[in-house]
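For reference, the structure is listed below as structure tokens.
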Amino acid sequence: MRRAAGFTLIELMVTIGIAAILLALALPSFTESIRSNRVSTATNQMLATFNLARAEALRSKSQAWVCPSNPTRDDCGAEWKDGMLVWTDENGDGNRNKTTEVKRVIEPLDGVTLSFPDTTPIGFDDRGRAIQKSGNTVTVRSFNFSMKADTCKPGAYNVRSFDINRIGRVSVTKGACP
């Protein structure tokens, strides 16, 4: 006489119960890991965007700009959360028009909140310096802005502060959620 191999219903129920308990314990740290990964990815994308603009300004010997995109991604807009455009200003007037070439379109960042002081485009001149246009005047200046996870758990290091100094160097500082 041969015995049938397999699990009994009680063994299966105990195994599923243990798996559910382990999953419930692991899920909160997994979601925090996903948040942290989104912030890191968005940080790298921001660094790449501003470094591309600076490199384009140096390469083309003209001004390059990063501006908030409009919802259709074909011109500068009013909200940084809608994405960004990188473009070069070959004629040096500091204005984005239909003849200026868009070098890159950056889609909106999921899972993060950007905090820019205003919607003014951030530019780089032909020497790589950070510039801002106000009226017909272009001035060299530094820029500061930050980003954080949409759901920022207190104490989690999911805040990034960006500094673009006057010579165009972009640096990032990691900070904790308030």
* Which cross-chain or sequence-distant (5 or more) residues have an amide H under 5 Å from the amide H of VAL112, H modelled 1.01 Å from N in plane? -> ASP150
* Please provide three numbers in whole Å: the alpha-carbon extents of the range 20-130 along the principal axes, with the largest listed first. => 64, 27, 23
* Determine which residues of the range 106-134 fall in the zone a paramagnetic label at ARG96 would reach in this model, i.e. backbone nitrogen under 13 Å from the point 7 Å along Cα→Cβ. => 106-108, 119-123
* Report, by chain and number, residues whose modeled amide H sits under 5 Å from the one on GLN63, excluding near sequence neighbours (fewer than 5 apart, same chain). => ASP89, GLY92
* Structure fact -> Pairs over 25 Å Cα to Cα, from LYS61/LYS148; LYS98/LYS148; LYS98/LYS133; LYS81/LYS103; LYS81/LYS153; LYS61/LYS174, come to LYS61/LYS148; LYS98/LYS148; LYS61/LYS174
* How long is the gain from ASN70 to ASP126 if the chain were fully straight, where each residue apart is worth 0.36 nm and the alpha carbon distance is subtracted? -> 17.6 nm
* **Spacing of the two label points (7 Å from each Cα toward its C-beta) at GLU32 and ASP118, in nm** => 3.9
* To do: Note down the magnitude of the dipole of the range 1-156 about its Cα centre, charges +1 on Lys and Arg C-beta and -1 on Asp and Glu C-beta and zero elsewhere, to the nearest 20 debye.
  => 500
* Per the Kirkwood formula on distinct C-alpha pairs, the Rh of the range 88-178 is how many angstrom? -> 15.1
* To do: Kindly write out, for the range 24-38 in residue order, the coupling ³J(HN,Hα) from the Karplus curve 6.51 cos²θ - 1.76 cosθ + 1.60 (θ = phi - 60°), rounded to whole Hz, with x marking Gly and Pro.
  => 5, 6, 7, 4, x, 6, 5, 5, 5, 5, 5, 4, 4, 5, 5
* Asked: ³J(HN,Hα) across the range 64-78 via Karplus (A = 6.51, B = -1.76, C = 1.60, θ = phi - 60°), whole Hz, x for Gly/Pro?
  -> 10, 10, 10, 10, x, 8, 7, x, 8, 6, 10, 7, 5, x, 10
* Determine the equivalent ellipsoid of the range 1-58 by diagonalising the alpha-carbon gyration tensor, then write out the semi-axes as square roots of 5 times the eigenvalues, largest first, rounded to whole Å. => 53, 14, 4
* In whole Hz, with x marking every Gly and Pro, tabulate ³J(HN,Hα) for the range 5-11 from phi via Karplus 6.51 cos²θ - 1.76 cosθ + 1.60, θ = phi - 60°. => 8, x, 9, 8, 4, 5, 4
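A short reminder: the numbers here are calculations on the coordinates, not readings from a lab. None of these values were measured; they are calculated from a predicted model. Here Cβ is always computed from backbone atoms with ideal geometry, including for glycine, and neighbour counts include all displayed protein chains.
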